[in-house]
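Notes follow the structure.
The values are calculated or read from the model by the stated rules, or taken from the named source; none is laboratory data. This structure is a prediction, so every number in the text was calculated from the model and none was measured. A quick note on method: Cβ atoms are made from the backbone with ideal geometry, for glycine too, and the neighbour counts reach across all protein chains shown.
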Amino acid sequence: MNIFNKLSFHGGIKPQGNKNISTKNPIKKIFIPDMLILPLRQSVGKAPKLIVSEGDYVLKGQQLAKPSSNLSVGIHAPTSGYIKRIAMHPVPHPSMLNEECIFLEPDHKDQWIKKKVIDYKNLKLEEVLEQLRQNGLVGMGGATFPTHIKASSKIETLIVNAAECEPFITCDDMALREKTEEFLTGVDIAMHILGAKKAIIGIEDNKQEAITELQKKNQNSKIEIKIIPTVYPSGDEKRLLFLVSGLKIKKMDRPSNHGFQIFNVGTLISIARLFIHGEPVISRVVTFTGNLKQPNNFEALIGTPIKYFLNDCGIKEGDHQIIMGGPMMGFELQNSEITVTKSMNCVLIKRNETQSKDTSIMPCIRCSRCVEVCPAELQPQELYWFSKSKQFEKTLDYKLFDCIECGCCSYVCPSNIPLVSYYRYAKSEIRSEEISGERADIARDRNEFRLFRLDREKTERAERNAQRRAQIPDAEKKKLIEEKKAAIDMALKDKEEI
Amino acid sequence: MISSPIIKESDSVSFVMSHVFFALIPSLLIYIYFFGYGILGNLIFGVTLGVLFEYLCLKLRNISAKPFLLDGSTIVTCWLLIISIPSGSPWWIILIGVFSAIVIAKHIYGGLGSNIFNPAMIGYAILLISFPAMMTNWEVSNSLGLNNFLNLKNLFNLFHVQLISNIDAVSSATPLDNIKTYLFLNADNLNPNNFPNYEIFNPRSIINISYFAGGLYLLHKKIISWHLPITLIITVILFSSFMSLIDANKFMGPIHHLLNGAVILGAFFILTDPVTSPTTKRGKIIFAILIGIITLTIRNFGGYPDGIAFAVIFMNIWVPLIEKFTQPKVFGY
């Protein structure tokens with residue numbers, strides 16, 4: 001028996017899962033819309049560089065944009081068709097800003113580019129990493145951190161994040177049930193790349209069907225399936241690491257410093273598809289759930305506007321809001337024209353409750369319910385006071401940046417205080433202060449250098465003048481002076497005449 | 001624009017408070033059983049006054065009053081104050097007490113969540129210092145038992161109270177006060193565990209036991225954590241045992257300390273006021289230990305029969321400092 005079996009992290013909550021509403025039917029297969037809109041930037045880091053132009057015909061899987069820096073990955077055509085235009089379009093981001101997108105009009109032939117299997121076992125590590133980079137592999141759990149960076153560290157144990165702890169979201173669960181072999185192959189390949197001796201799949205005990213499938217099909221003794229209790233947020237990287245290994249690390253620390261690396265289910269399936277079938281990342285599983293007639297999971301082409309899926313599920317009558325992500329950490333999307341991206345795991349339809357319950361925001365009574373549920377073991381009520389009173393230095397003392405914004409504190413707050421919003425505000429204030437501080441430093445440095453330069457130039461000029469004067473022979477100097485004198489006399493004479 | 005999380009647990013402040021009322025109801029019934037409806041009249045009067053003061057303060061402070069009146073915190077404060085003072089108290093005593101608690105201790109310091117001192121204890125302390133004779137003269141149980149439930153006339157006692165000189169006819173000092181005076185007068189020659197006219201299970205100790213039961217209910221419902229009440233009770237037991245070991249003729253033993261006075265009420269209902277107590281676990285334990293020690297010190301050596309109120313108010317001052325030095329470790333540090 002594993003001694004860590006009884007481990008559970010501090011705090012956390014057990015909200016209603018609402019998972020079974022979207023797991024009744026299998027994952028619906030891809031359908032091709034009339035227009036695909038692909039945001040250029042779909043990952044952490046620099047946006048890739050466009051290599052196609054308007055009017056080009058592209059094949060399915062063809063690269064549309066190539067990595068522009070080390071922290072950048074490629075973008076590929078999800079189907080064959082024509083590049084209609086390259087223009088600004090709303091992207092799924094809390095800021096609700098528009099970004100540059102590629103508009104691809106499918107020709108509905110769905111014609112693949114020539115796929116080739118990548119023999120990763122006989123490739124050098126750098127070449128494997130380059131394949132990941134070129135083929136657009138990013139963390140599909142939502143953070144979209146480029147996979148080739150994470151895969152470059154050498155570690156002991158690969159941890160698979162199959163916790164999927166947020167209510168409503170079921171995309172990993174369904175993918176595990178239906179793509180079990182592909183997933184296990186992905187784990188195998190990732191272990192090979194990382195040099196890991198074993199892998200642990202951390203999965204919440206509410207996903208019985210996926211667990212059964214995994215146990216049935218897992219032939220590899222190096223892959224352990226670890227069932228963890230269903231407590232939100234068990235799927236947070238640091239919490240999961242603790243649940244499966246007993247290791248507690250702080251927010252700024254990386255699991256790879258301790259011999260662990262954590263990959264998401266979707267990422268591993270993409271890895272398998274890349275190395276076994278030679279397919280870049282062009283689709284992912286997305287859960288469409290909430291206030292829909294028939295919630296479902298879809299194998300969605302990247303770039304498909306979400307309205308297609310919402311129509312397929314059937315939106316119920318009444319006002320609603322579209323949330324990307326789960327109910328705990330998701331954010332609102334402005335409309336259904338927004339398209340599927342690599343980071344989109346779930347779209348949640350929330351009905352607008354016209355008759356709000358007892359939701360008036362009351363003062364904090366320091367009941368410390370938030371302390372009891374905080375998985376980062378922070379003091380949310382203190383952070384709230386300090387954020388509210390703009391004592392940002394104090395928030396740093398109380399480790400504001402270890403807050404993972406999981407929302408447990410807001411969830412339990414009996415005074416209905418939107419605590420997480422306060423932390424987000426404080427964090428952004430601190431960051432912008434830091435940036436302006438850095439700018440001020442740079443400006444000061446520049447000014448100091450300018451003064452130094454002016455000073456230097458002055459002395460240099462003085463030196464040069466002195467040198468020049470020294471070089472001119474005496475006779476010539478006299479002659480020059482006489483000439484000047486004569487000129488002055490002439491001028492004076494002219495003046496008198498006038 | 002909405003921001004996550006978009007789901008919410010249904011518990012609210014008023015939900016918490018309703019559990020507190022539920023925990024206090026049995027002791028109220030026992031109180032009426034032994035002493036008549038006087039306490040109920042006081043409660044109705046005091047709570048009405050408290051809500052009125054709360055409403056006026058909120059209006060003056062330009063705050064929408066409805067959610068604050070519905071959250072129940074004012075009612076709990078007034079309730080705790082009223083059951084701490086003799087039920088034979090006249091209406092103006094209640095008026096001064098409630099005014100001190102709600103207007104001075106709560107709203108002048110910024111209202112719900114911002115008060116430094118426990119409002120009920122400020123109200124009680126002001127009364128105790130200003131009117132010591134009245135505050136230590138408690139009604140006598142007329143052992144009418146169930147008949148007390150029929151005698152509705154008692155409800156209006158607060159408006160009929162005689163002048164202080166006549167009070168002795170219907171009231172007496174509390175057992176705690178009696179024992180203290182007794183120990184003081186007969187310091188050398190008697191067994192302190194066998195006082196005249198005193199039974200361990202007197203009406204007041206039975207009410208205290210019902211507070212204990214209510215407290216256990218709150219613990220069970222996870223409305224309060226164990227840290228404050230259990231630490232206080234253990235401190236009182238250990239410290240009083242220690243004192244009575246030193247001199248059993250001068251100092252009462254733990255049973256008397258727990259069953260008399262306000263230790264049990266304080267442990268479960270007064271210390272646990274979240275606004276004025278520390279939020280950290282270690283802080284709660286330190287807070288409760290010090291309150292226990294101060295209370296027993298006042299009881300054993302001070303001029304007042306009980307010391308919970310003063311101990312709580314004194315320790316309220318230290319809460320920010322206690323919290324500062326008892327911060328728990330953050331995950332991963």
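Which of the residues belonging to segment A:394-443 are farther than 26 Å from residue A:327 by Cβ, over 25 Å from the mean Cα position of the chain (by Cα) and surrounded by 17 or more Cβ atoms within 10 Å (Cβ to Cβ)?
A:398
Looking at segment A:310-325 only, could you name the residues that are among the acidic types (Asp, Glu) and either outside any loop (DSSP other than H, G, I, E, B) or away from chain B (no Cβ under 13 Å) (or both)?
A:312, A:317
Where in segment A:176-263 are the helices (runs of 4 or more DSSP H), entirely inside, with at least 2 residues that are touching a strand residue (DSSP E or B) at 6+ places or on another chain (Cβ under 6 Å), within 13 Å of another protein chain (Cβ to nearest Cβ) and not hydroxyl-bearing (Ser, Thr, Tyr)? Give the steps one after another, and end with the answer.
On the way: elements: A:180-194, A:208-217, A:237-245.
It comes to A:237-245.
Just a yes or no: is a residue in segment A:289-302 under 20 Å from residue A:144 (Cα atoms), touching a residue at least 24 places away in the same chain (Cβ under 8 Å), of a type outside the set (Gly, Ala, Ser) and in a helix (DSSP H, G or I)?
The answer is no; no qualifying residue exists.
Residue-wise test of (1) modelled with pLDDT of 85 or more; (2) part of a helix (DSSP H, G or I); (3) surrounded by 10 or more Cβ atoms within 10 Å (Cβ to Cβ).
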| position | (1), (2), (3) |
| --- | --- |
| A:453 | yes, yes, yes |
| A:458 | yes, yes, yes |
| A:468 | no, yes, no |
| A:478 | no, yes, yes |
| A:486 | yes, yes, yes |
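Considering only segment B:220-268, how many residues are closer than 18 Å to residue B:27 by Cα, in contact (Cβ under 8 Å) with a residue 12 or more places away in the chain and in a helix (DSSP H, G or I)?
9
Do you know which of the residues in segment A:138-165 that are hydroxyl-bearing (Ser, Thr, Tyr) and not in a loop (DSSP other than H, G, I, E, B) is farthest from residue A:78 (Cα to Cα)? Working first, answer last.
Initially, segment A:138-165 is screened for residues hydroxyl-bearing (Ser, Thr, Tyr), giving A:144, A:147, A:152-153, A:157.
With the extra rule that they be not in a loop (DSSP other than H, G, I, E, B), the set shrinks to A:147, A:157.
Working: A:147: 20, A:157: 33 Å.
For segment A:138-165, the residue satisfying everything is A:157.
For the list (1) polar (S, T, N, Q); (2) closer than 24 Å to residue A:414 by Cβ; (3) touching a Pro at 6+ places or on another chain (Cβ under 9 Å), I need the number of the one condition that residue B:260 fails.
Looking at each condition in turn, residue B:260 falls short on (2).
Of (1) within 12 Å of chain A (Cβ to nearest Cβ); (2) within 27 Å of residue B:205 (Cα to Cα); (3) touching a Ser or Thr at 6+ places or on another chain (Cβ under 8 Å), residue B:76 satisfies all except one. Which?
Of everything listed in (1) within 12 Å of chain A (Cβ to nearest Cβ); (2) within 27 Å of residue B:205 (Cα to Cα); (3) touching a Ser or Thr at 6+ places or on another chain (Cβ under 8 Å), residue B:76 misses just condition (3).
Run down B:278, B:328 and say which single residue is closer than 26 Å to residue A:400 by Cα and crowded, with 21+ Cβ neighbours inside 10 Å.
Details: B:328 fails: crowded, with 21+ Cβ neighbours inside 10 Å.
Just one listed residue meets the conditions, B:278.
Any residue at all in segment B:313-321 that's in a loop (DSSP other than H, G, I, E, B), closer than 30 Å to residue A:382 by Cβ and free of Cβ contacts under 8 Å to residues at least 40 places away in the same chain? So that I can check it myself, show each step before the final result.
So in segment B:313-321, the residues in a loop (DSSP other than H, G, I, E, B) come out as none.
Checking segment B:313-321: not a single residue is in a loop (DSSP other than H, G, I, E, B), closer than 30 Å to residue A:382 by Cβ and free of Cβ contacts under 8 Å to residues at least 40 places away in the same chain.
Would you pick out the residues in segment B:249-284 that are more than 15 Å from the chain's Cα centre (by Cα) and within 14 Å of another protein chain (Cβ to nearest Cβ)?
B:275, B:278, B:279, B:280, B:281, B:282, B:283, B:284
Checking the structure you have, find out if any residue of segment A:343-357 is free of Cβ contacts under 8 Å to residues at least 40 places away in the same chain, surrounded by fewer than 21 Cβ atoms within 10 Å (Cβ to Cβ) and more than 11 Å from chain B (Cβ to nearest Cβ).
Let us first name the residues in segment A:343-357 that are free of Cβ contacts under 8 Å to residues at least 40 places away in the same chain, namely A:352-357.
Now narrow it down to the ones that are surrounded by fewer than 21 Cβ atoms within 10 Å (Cβ to Cβ): A:352-357.
So of that shortlist, the ones also more than 11 Å from chain B (Cβ to nearest Cβ) come out as A:354-355.
Scanning segment A:343-357, I find at least one residue that is free of Cβ contacts under 8 Å to residues at least 40 places away in the same chain, surrounded by fewer than 21 Cβ atoms within 10 Å (Cβ to Cβ) and more than 11 Å from chain B (Cβ to nearest Cβ), so the answer is yes.
Of all residues in segment B:105-121, which are away from chain A (no Cβ under 13 Å), part of a loop (DSSP other than H, G, I, E, B) and buried (at least 22 other Cβ atoms within 10 Å of the Cβ)? Explain how you work it out, then say what you get.
Here is the first cut: in segment B:105-121, the residues away from chain A (no Cβ under 13 Å) are B:105, B:108, B:117, B:120-121.
This time we only want the ones that are part of a loop (DSSP other than H, G, I, E, B), so: B:108, B:117.
Answer for segment B:105-121, where residues must be away from chain A (no Cβ under 13 Å), part of a loop (DSSP other than H, G, I, E, B) and buried (at least 22 other Cβ atoms within 10 Å of the Cβ): just B:117.
Pick from A:425, A:398: which is touching a residue at least 12 places away in the same chain (Cβ under 8 Å), out of contact with any Gly (no Cβ under 6 Å at 6 or more places or on another chain), at the interface with chain B (Cβ under 8 Å from one of its Cβ atoms) and among the aromatic types (Phe, Trp, Tyr)?
Numbers: A:425 fails: at the interface with chain B (Cβ under 8 Å from one of its Cβ atoms).
One residue alone meets the criteria, A:398.
Tell me which of these residue A:115 doesn't satisfy, since it passes every other one: (1) at pLDDT 90 or above; (2) farther than 19 Å from residue A:286 by Cβ.
(1)
Can you tell me which residues in segment A:225-246 are of a type in the set (A, V, I, L, M, F, W, C), surrounded by fewer than 21 Cβ atoms within 10 Å (Cβ to Cβ) and touching a helix residue (DSSP H, G or I) at 6+ places or on another chain (Cβ under 6 Å)?
Answer for segment A:225-246, where residues must be of a type in the set (A, V, I, L, M, F, W, C), surrounded by fewer than 21 Cβ atoms within 10 Å (Cβ to Cβ) and touching a helix residue (DSSP H, G or I) at 6+ places or on another chain (Cβ under 6 Å): just A:225.
Which is touching a residue at least 60 places away in the same chain (Cβ under 8 Å) and out of contact with any strand residue (DSSP E or B) (no Cβ under 9 Å at 6 or more places or on another chain), of A:377, A:382?
Working: A:382 fails: touching a residue at least 60 places away in the same chain (Cβ under 8 Å).
Within the list A:377, A:382, the selection yields A:377.
Mind listing whichever residues of segment A:134-150 are of a type in the set (A, V, I, L, M) and surrounded by fewer than 24 Cβ atoms within 10 Å (Cβ to Cβ)?
First pass over segment A:134-150, keeping only residues of a type in the set (A, V, I, L, M): A:137-138, A:140, A:143, A:149.
Across segment A:134-150, the qualifying residues are A:143, A:149.
Within segment B:5-23, work out how many residues are in a helix (DSSP H, G or I) and either within 14 Å of chain A (Cβ to nearest Cβ) or surrounded by fewer than 22 Cβ atoms within 10 Å (Cβ to Cβ) (or both). Reasoning before the result, please.
So in segment B:5-23, the residues in a helix (DSSP H, G or I) come out as B:13-23.
After this cut, where a residue has to be either within 14 Å of chain A (Cβ to nearest Cβ) or surrounded by fewer than 22 Cβ atoms within 10 Å (Cβ to Cβ) (or both) as well, the list is B:13-22.
Matching residues across segment B:5-23 total 10.
Kindly evaluate residue B:313 against the criterion of being within 14 Å of the chain's Cα centre (by Cα), at pLDDT 95 or above, β-branched (Val, Ile, Thr) and over 23 Å from residue B:209 (Cα atoms).
Working: within 14 Å of the chain's Cα centre (by Cα): yes; at pLDDT 95 or above: yes; β-branched (Val, Ile, Thr): yes; over 23 Å from residue B:209 (Cα atoms): yes.
So residue B:313 fits the description; yes.
State all residues of segment A:303-323 that are within 16 Å of residue A:333 (Cα to Cα) and loosely packed, with under 15 Cβ neighbours inside 10 Å; if no residue qualifies, say none.
Our first condition is that a residue be within 16 Å of residue A:333 (Cα to Cα); within segment A:303-323, this holds for A:303-310, A:315, A:319-323.
Selection gives A:319 alone.
State all residues of segment A:326-342 that are more than 7 Å from chain B (Cβ to nearest Cβ) and either among the β-branched types (Val, Ile, Thr) or buried (at least 24 other Cβ atoms within 10 Å of the Cβ) (or both); if no residue qualifies, say none.
Quick first cut of segment A:326-342, residues more than 7 Å from chain B (Cβ to nearest Cβ) only: A:326, A:333-342.
Hits for segment A:326-342 are A:326, A:338, A:339, A:340, A:341, A:342.
Only one of B:102, B:94 is buried (at least 24 other Cβ atoms within 10 Å of the Cβ), assigned to a helix (DSSP H, G or I), in contact with a Cys (Cβ under 8 Å, 6 or more places away or on another chain) and away from chain A (no Cβ under 14 Å). Can you tell me which?
Numbers: B:94 fails: in contact with a Cys (Cβ under 8 Å, 6 or more places away or on another chain).
It is B:102.
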